[in-house]
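To start, the structure under review is shown below, and the notes come after it.
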Amino acid sequence: MHLNPRIAALLSALNNPSLPGIDLSLERMWQLLAALGNPQEQLPPVIHIAGTNGKGSTLAYVRAIYAAAGYRVHAYTSPHLVRFNERILLSGQEIDDSTLLPLLEQVSAAAKDIPVTFFEATTAAALLAFEQHPADVVLLETGLGGRLDATNVVAAPMMSAITPIDYDHMEFLGDSLAAIAQEKAGIIKPSVPCAVGAQPAEAMAVIARIAQQHGAPLHLLTYVVGADGITVTAGADSWTLPLPALEGAHQCHNAALASLIVRRGTLPVNDAQMRDGVATAHWPARLQRLTYGPLVQAWGARGAVMLDGGHNPSAARALRAWIDTQHAPVTLLLGMMARKDAQAFLAPLMDVIRGLITVPIADNDCYTPQELLAFAGGRGVAVATLADAPAALLTSAEGTLLIAGSLFLAGEVLKNHG
């Protein structure tokens, strides 16, 4: 619930009960944008990012690089973790309530006779904000899929980008990597360059076919990580980056892909600015170390408390790779939405974690703690609420506490652990 009661009421009203929370289509979006004067046609250069994992982190690196180069950068991401305003960044700052309120009022009035989804309405509000406030570049992250995603309304972005594709949202996108890639690659536009992260062969074949159909140049990612940094190569072009501040080997991939996006874009950026951006980029709930709050207090001097929003098998494999580099044993505090494949998420992790504590996610359709324990073969402790977790933590031995399984759980944690 938003703290501003007028904004809270508008957001609640835009959560249309006549439509499911996710209903992939662009017809309603086109109607709504037409009623708003088609703001998507009056934007600065746009970079559109789709994929299964790493979209938000890649966007964060691109934003930090452009900011280091002195550009004004707008960005739209989802979901938010604590506060709706996080979704819309104007020149690098969360949209303030005084700016957001009239935008939501305008969208609400335009949507009076159009049964749009919440994501469609809020995407329209973001596009209005970007139209009304000057900037040098706009970064759009898809919400789900790509082809029918509400963000897929810019006819000719400066660049498209596709981060690694894996199994997720299969009830909407299909049950094969080829089907999922078909939806993600729907953001590829005629003649618009597309930067592509590391992909399974099945997904890459689909991306390459769609790019060829559209005459869209593909820029593929090649990079090597060394002790002191990352060397990225694209054709005859090569450049170096520092190791990112964000933890995990997967962040080297995200930083390298972001640098490729910038390198192939039309806004001039020099190597020093690119390195500064990679070194300073921040993105919450991606192996973020927490420093205060009840969970940190309960864990005490045992070790670090880390928070990650990863919730699918690919994210679990990335967490496994990170755990394998840690010298301290890891206890997992897990909560997951019921539509996720909890067993597939746990599979890479069960033999490398020392303990498991399962929790529900407040006000969400989630697995019960007991259901999560069943997926883990009964190994662990279930607690009734997140607020009850500190007591369960007191019996744990030294090591690292890793909180993971859901961005919604991450948001709940960040309310008290900022």
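The 1.4 Å probe gives accessible areas that order Val296, Val137, largest first, as Val296, Val137.
Computed on the range 228-290, with alpha-carbon pairs under 8 angstrom and 6+ residues apart, the relative contact order is 38 percent. Taking Gln199, Gln93, Gln251 as the candidate residues, the one with maximal mean-square fluctuation in a Gaussian network model of the chain, Cα springs under 10 Å, is Gln93.
Computed over the range 1-74, the P(r) curve from all C-alpha pair distances, binned at 10 Å from the origin, holds 14, 25, 42, 19, 1 percent per bin. For the chain, modelled as a GNM with alpha-carbon contacts under 10 angstrom, which of Ala68, Ala344, Ala181 fluctuates the most? In this elastic network of the chain, the residue with the biggest mean-square fluctuation among Ala68, Ala344, Ala181 is Ala344.
In a simple Cβ point-charge model (Lys, Arg +1; Asp, Glu -1; nothing else charged), the range 84-209 has a dipole of about 500 debye relative to its Cα centre.
Dipole magnitude of the range 60-157 about its Cα centre, charges +1 at Lys/Arg Cβ and -1 at Asp/Glu Cβ only, in debye to the nearest 20? Intermediate values should be presented prior to the final figure.
Details: 6 positive and 11 negative charges, 41 e Å.
The dipole magnitude comes to about 200 debye.
Phi angles across the range 327-335 convert, under the Karplus curve 6.51 cos²θ - 1.76 cosθ + 1.60 with θ = phi - 60°, into 3J(HN,Hα) values of 8, 9, x, 10, 9, 9, 9, 10, x Hz, Gly and Pro given as x. Scoring 307-315, 239-247, 265-273 by mean Cβ neighbours within 10 Å over their residues and listing the highest first yields 307-315, 239-247, 265-273. Express in Å², to the nearest 10, the accessible area of Arg83 obtained by rolling a 1.4 Å probe over the protein heavy atoms while all chains stay in place. Probe radius 1.4 Å; accessible area of Arg83 about 90 Å². The range 107-162: D in µm²/s via Stokes-Einstein (Kirkwood Rh, Cα pairs, 20 °C, 1.002 mPa s)? Here the translational diffusion coefficient equals 171 µm²/s. Here the chain is assigned +1 on the Cβ of each Lys and Arg and -1 on the Cβ of each Asp and Glu. Its dipole about the Cα centre then comes out at about 440 debye.
Residues in the range 69-189 average 32 Å² of solvent-accessible surface per residue, probe 1.4 Å, ligands and nucleic acids excluded. With the helix formula -39500 (n - 2.57) applied to DSSP H stretches of n ≥ 4, the chain reaches a computed 222 nm mean residue ellipticity of -11000 deg cm²/dmol.
Contact order, relative form, for the chain: 16 percent (alpha carbon pairs under 8 Å, 6 or more residues apart, mean separation divided by residue count). Dipole of the range 1-156 computed with +1 at Lys/Arg Cβ and -1 at Asp/Glu Cβ about the Cα centre; of Asn4, Phe119, Val82, farthest Cα towards the positive end is Val82.
Largest GNM mean-square fluctuation across His74, His48, His169, computed for the chain with C-alpha springs under 10 Å, falls on His169.
Using a 1.4 angstrom probe with every protein chain in place, what is the largest-first accessible-area order of Glu131, Glu86? Numbers along the way, then the final one.
Numbers: Glu131 65, Glu86 45 Å².
Descending accessible area places them as Glu131, Glu86.
Excluding same-chain neighbours fewer than eight residues apart, the lysines reachable from Lys415 by a Cα-Cα span under 30 Å are Lys55, Lys340.
Roughly how many percent of the accessible protein surface of the chain is carbon and sulfur, given a 1.4 Å probe and a whole-percent answer?
53
What ranking of Tyr292, Tyr66, Tyr367, Tyr167 comes out by heavy-atom accessible area, probe 1.4 Å, highest first? List each step's numbers first, then the result.
On the way: Tyr292 120, Tyr66 0, Tyr367 30, Tyr167 85 Å².
Result of the area sort, largest leading: Tyr292, Tyr167, Tyr367, Tyr66.
Distances between placed amide hydrogens fall under 5 Å for Ala281 paired with Ala245, all partners being 5 or more residues away or on another chain.
The values are calculated or read from the model by the stated rules, or taken from the named source; none is laboratory data. Note that the coordinates shown come from a computational prediction; the quantities given were computed from them, not determined experimentally. A quick note on method: Cβ atoms are made from the backbone with ideal geometry, for glycine too, and the neighbour counts reach across all protein chains shown. Keep in mind that these areas ignore ligands, DNA and RNA; they rest on the heavy atoms of the full protein, side chains included. Shrake-Rupley method; radii C 1.70, N 1.55, O 1.52, S 1.80 Å.
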